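Below is one structure, written out as structure tokens; the observations come after it.
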Amino acid sequence: MKNVIILYLLSINILAFLIMGIDKHKAKKNKWRIQEKTLFIYSLIGGVYGIFLGMKIFHHKTRKKKFSIGIPFILIINVLCIIYLIKIS
């Protein structure tokens with residue numbers, strides 16, 4: 001079960017990171033963009049590390065308050081949940 005969870009988290013974070021890169025590329029080209037709601041959904045279902053890393057590496061969505069505050073908040077909650085789950089197992 002642990003391996004499945006690790007594989008899921010790895011996959012969703014790689015995908016989230018790639019989506020941030022794609023959205024940044026589309027922003028530069030003035031093309032159709034990925035909805036912000038979609039980016040937040042990815043972060044809420046476990047891809048917050050990929051979204052956060054994408055923000056930092058691609059310098060994407062860093063000026064938007066809901067991202068500059070929301071994503072680190074989700075990241076902190078995610079880390080606390082992982083610590084809790086490790087302690088109870």
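A short reminder: the numbers here are calculations on the coordinates, not readings from a lab. Note that this is a predicted model, so its numbers are computed, not measured. Cβ sites come from the backbone with ideal geometry, for glycine too, and all protein chains shown count toward neighbours.
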- [ ] Filter the range 5-26 down to the residues that are touching a Gly at 6+ places or on another chain (Cβ under 7 Å) and of a type in the set (A, V, I, L, M, F, W, C), then identify the one that is farthest from residue 82 (Cα to Cα).
- [x] 20
- [ ] Could you run through the range 41-89 and say how many residues are under 12 Å from the mean Cα position of the chain (by Cα), surrounded by fewer than 18 Cβ atoms within 10 Å (Cβ to Cβ) and aromatic (Phe, Trp, Tyr)?
- [x] 1
